[in-house]
Amino acid sequence: MDGVSERPEMFEGVDTVWQDGEFVDFEDATTHVLTHGLHYGTGVFEGVRCYDTANGPAIFRWEEHLQRLYDSAKVYDIEIPFEQAELSEATLELIRREELQSCYIRPIAYYGYGPLGLNPSKSPVETAIAVWPWGAYLGEEALEEGVDVAISSWRKHASSQIPTNAKTTGAYVNSVLANLEATGNGYTEAIVLNKEGNVAEGPGENIFLVRDGEIHTPGLAESILDGITRQSVIDLAEDLGYTVHEGATISRGELYTADELFFSGTAAEVTPIRSVDDNEIGAGTKGPVTDEIQTRFFDVLDEAPEQYDDWFTYV
Ligand code: PPE
């Protein structure tokens, strides 16, 4: 495998990747070094999970993820040269070929190999989908015990600078900086504040706060990704009878005095936060509301109950 370093453990056992309409061998799923998206971050992507439900393997909220991919693409004039249904079928076929019961799914579309220079319109749009098994994002223990996080000294870019509702490859340098700082200082993850200094989200997660039995999460105008897990958590919490303030503005100080905090995300699922900047949150472990919502979340993913039938696309 010329010029490509050893395969990361994460991708061990992956045989096939879907690339531009073809199923190709993992080792052959490559692109040119002069790819537009590599130089300027002009790509859009998704992170999706397939769960091994009681009714068989199913992709969680697949239609919503696909829709967000095409919406993200629209922002950058990326014309994905495949219909949504084609990408969907390719993904289902890929999971079947890999014989995975559960996995993470990473579709990506980017301006490919064409002339360099900022205007991407002469670069072809390249599209790929990879799947691989991916366990607990912040560690198994994190799901039970919670994570220690720090407020990042890097602020989240405002939506007027880089649209935060689009899931754009280049925008993730902000998340990388926040994560590097936090992990470099011995924390598991960061929380980023927006330009106004209010709570935005994690580098790869949305955030929820529990106070006096009610649930709050920063609104879409706070420079956050419109997380699909976030929306699912809101729905589940409301169905459990909680009041959810989904358009909240949350100040930094409110984090320290919260009863409970947790992250949501496709990769992170529902992960409790047990401390912020070394301040214990609540009892310094997973709180009861977080526990109820997390339990319900994983139960729904296990059982794929009738009530949430439209959240599942069976492989
Ligand atoms: N905010 C950000 C910045 C973000 O990247 C994610 C997902 C979320 C919120 C949660 O969105 P949703 O997955 O739709 O509930 N982050 C993806 C990428 C993580 C990575 O390390 O790569 C993910 O969870 O798949």
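The values are calculated or read from the model by the stated rules, or taken from the named source; none is laboratory data. Not measured: the values here are computed from a predicted model. Reconstructed Cβ throughout: ideal geometry from the backbone, glycine too, with neighbour counts over all protein chains shown. Surface accessibility is based on the protein's heavy atoms, side chains included, excluding ligands, DNA and RNA. Shrake-Rupley method; radii C 1.70, N 1.55, O 1.52, S 1.80 Å.
Out of curiosity, is Arg61 closer than 15 Å to Ala130 by Cα, among the basic types (Lys, Arg) and in contact (Cβ under 8 Å) with a residue 60 or more places away in the chain?
Taking the combined requirement at face value, the residue does not satisfy it.
Is it true that Arg96 is basic (Lys, Arg) and more than 15 Å from the ligand (Cβ to nearest atom)? Can you show your working first?
Values: basic (Lys, Arg): yes; more than 15 Å from the ligand (Cβ to nearest atom): yes.
So Arg96 fits the description; yes.
I'd like the full set of residues that are open to solvent by 20 Å² or more (accessible area, probe 1.4 Å), touching a Ser or Thr at 6+ places or on another chain (Cβ under 8 Å) and free of Cβ contacts under 8 Å to residues at least 40 places away in the same chain, limited to segment 165-188.
Residues satisfying the conditions are Leu177, Glu181.
Consider Arg106 carefully, then state whether it is within 13 Å of the ligand (Cβ to nearest atom) and basic (Lys, Arg).
Judged against the criteria, Arg106 is a match.
Which is in contact (Cβ under 8 Å) with a residue 60 or more places away in the chain, of a type outside the set (Gly, Ala, Ser) and over 14 Å from Asn206 (Cβ atoms), of Asp278, Asp309, Asp291?
Every option except Asp278 fails the conditions.
This table checks each residue for (1) touching a Phe, Trp or Tyr at 6+ places or on another chain (Cβ under 6 Å); (2) closer than 16 Å to Glu144 by Cα; (3) modelled with pLDDT under 95.
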residue: Ala258; (1), (2), (3): no, no, no
residue: Phe263; (1), (2), (3): no, yes, no
residue: Ala268; (1), (2), (3): yes, yes, no
residue: Glu280; (1), (2), (3): no, yes, no
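Determine which member of the set Ala166, Ala136, Ala130 is under 25 Å from Asp226 (Cβ atoms), aliphatic (A, V, I, L, M) and modelled with pLDDT under 95.
Testing whether each residue is under 25 Å from Asp226 (Cβ atoms), aliphatic (A, V, I, L, M) and modelled with pLDDT under 95 leaves just Ala136.
Kindly list the number of the only condition in (1) in contact with a strand residue (DSSP E or B) (Cβ under 6 Å, 6 or more places away or on another chain); (2) crowded, with 20+ Cβ neighbours inside 10 Å that fails for Leu100.
Of everything listed in (1) in contact with a strand residue (DSSP E or B) (Cβ under 6 Å, 6 or more places away or on another chain); (2) crowded, with 20+ Cβ neighbours inside 10 Å, Leu100 misses just condition (1).
Out of (1) under 16 Å from the mean Cα position of the chain (by Cα); (2) at pLDDT below 95; (3) assigned to a helix (DSSP H, G or I), what's the single condition that is false for Val173?
(2)
Pick from Ile191, Ile162: which is free of Cβ contacts under 8 Å to residues at least 60 places away in the same chain and either open to solvent by less than 60 Å² (accessible area, probe 1.4 Å) or part of a strand (DSSP E or B) (or both)?
On inspection, the qualifying residue turns out to be Ile162.
For segment 40-55, give me each residue that is under 23 Å from the mean Cα position of the chain (by Cα) and not β-branched (Val, Ile, Thr). Explain how you work it out, then say what you get.
The initial filter retains those residues of segment 40-55 that are under 23 Å from the mean Cα position of the chain (by Cα), namely 40-53.
Matches in segment 40-55: Tyr40, Gly41, Gly43, Phe45, Glu46, Gly47, Arg49, Cys50, Tyr51, Asp52.
Which condition breaks for Tyr113 when tested against (1) buried (at least 20 other Cβ atoms within 10 Å of the Cβ); (2) farther than 21 Å from Ala166 by Cα?
That leaves (1) as the condition not met.
Sort out which residues of segment 251-275 are free of Cβ contacts under 8 Å to residues at least 60 places away in the same chain and over 21 Å from the mean Cα position of the chain (by Cα), and write them in order of number.
Within segment 251-275, Ser251, Gly253, Glu254, Tyr256, Thr257, Ala258, Asp259, Glu260 meet the criteria.
Scan segment 134-159 for residues that are assigned to a loop (DSSP other than H, G, I, E, B) and either open to solvent by less than 50 Å² (accessible area, probe 1.4 Å) or without any contact (Cβ under 8 Å) to a residue 40 or more places away in the chain (or both) and report the count.
Adding up the residues that qualify gives 11.
When both residues are 6+ apart or on different chains and their Cβ atoms are under 8 Å apart, which pairs have a first residue that lies in segment 202-214 and is acidic (Asp, Glu), and a second that is away from the ligand (no atom under 16 Å from the Cβ)?
Filtered contacts from segment 202-214: Asp212/Asp259; Glu214/Tyr242; Glu214/Thr243; Glu214/His245.
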